[in-house]
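Inspection log for the structure reproduced underneath, given as structure tokens.
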Amino acid sequence: MNLTDDDVQMAVHDFFTPALLLEFIDLPDLVARIKWGERQFDEGGGAHSVRRLDDELNAGCLTHWSAAPGGFRYRIEAPGGTRSGFMAWYELHRRVNAGLTPVRYGALRAAVESVVAHDAANLTCPIPFRTLEAWGVQWVRRACELAREAAAALEAICPPVKAQPALF
């Protein structure tokens with residue numbers, strides 16, 4: 001069976017992390033996007049799989065991305081049968097650009113840069129708190145806040161099928 005529009009939207013949403021989405025958006029042309037896509041699959045062993053979450057369409061179903069010339073094949077193992085289809089990198093770029101605005105791009109860039117800076121600032125000592133546990137709690141709390149901001153920016157640009165209201 002062929003992919004539904006909802007399947008394609010979920011394929012786009014689930015393919016990206018905020019950092020990968022920023023990289024993809026910043027690529028200059030189709031050739032660069034194709035090379036970038038090939039690297040993503042080369043680094044992942046040629047395929048990626050994800051199980052859909054409880055609040056998503058076809059909850060619990062296993063989804064697969066596999067490399068294909070000029071794009072990727074997306075397959076979902078749904079209760080009613082397996083659905084699959086091809087997605088070209090230019091189509092992925094078109095779908096990402098449909099949700100992209102200057103404000104959303106700026107929010108994504110700021111969130112990704114904040115996550116990277118926070119991770120780079122991880123010092124094992126000296127710690128500015130009384131105990132290592134207090135430092136860890138503060139560190140994790142801030143990391144979670146930054147990850148949530150990055151995820152919100154990703155969802156504003158590439159919304160899931162059951163989208164939450166955009167925050168910006």
For segment 5-97, build the charge dipole from Cβ charges (+1 Lys, Arg; -1 Asp, Glu) around the Cα centre, then report which of PHE15, LEU92, GLY46 sits farthest towards its positive end.
GLY46
Taking the Cβ of each residue in LEU53, LEU22 as the centre, tally the other Cβ atoms inside 10 Å and list the residues starting with the fewest.
LEU53, LEU22
Measure off 7 Å from each Cα along the Cα-to-Cβ vector at ASP55 and MET1, then give the distance between these two points in nanometres to one decimal.
2.6 nm
Can you give me the three principal axis dimensions of segment 1-84 from its C-alpha atoms, in Å, biggest first?
39, 24, 23
Could you work out [θ]222 nm for the chain from helices alone, using -39500 (n - 2.57) per DSSP H run of at least four and dividing by all its residues? Round to the nearest 500 deg cm²/dmol.
-17000 deg cm²/dmol
Dipole of segment 5-97, Cα-centred, from +1 at each Lys and Arg C-beta and -1 at each Asp and Glu C-beta, to the nearest 20 debye?
260 debye
By how many degrees, 0 to 90 and rounded to 10, does the Cα axis of helix 132-157 deviate from the longest principal axis of the chain?
30 degrees
Scoring only Lys, Arg, Asp and Glu (+1, +1, -1, -1) among other residues with Cβ under 11 Å from the Cβ of HIS93 yields +1
Treating only the Cβ of Lys, Arg, Asp and Glu as charged (+1, +1, -1, -1), what charge dipole size does the chain show about its Cα centre? Round to the nearest 20 debye.
80 debye
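Give the Kirkwood hydrodynamic radius (Å, one decimal) of the chain, defined as one over the mean of 1/r across all pairs of different Cα atoms.
For the chain, inverting the mean 1/r across all distinct Cα pairs yields 17.5 Å.
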Using alpha carbons only, how many angstrom separate the centre of segment 7-40 from the centre of segment 42-60?
16 Å
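Every read-out reported here was derived from the displayed coordinates using simple, explicitly stated rules and does not represent laboratory data. Source: prediction; values computed, not measured. Cβ: placed from backbone, ideal geometry, glycine included. Neighbour counts: every protein chain shown.
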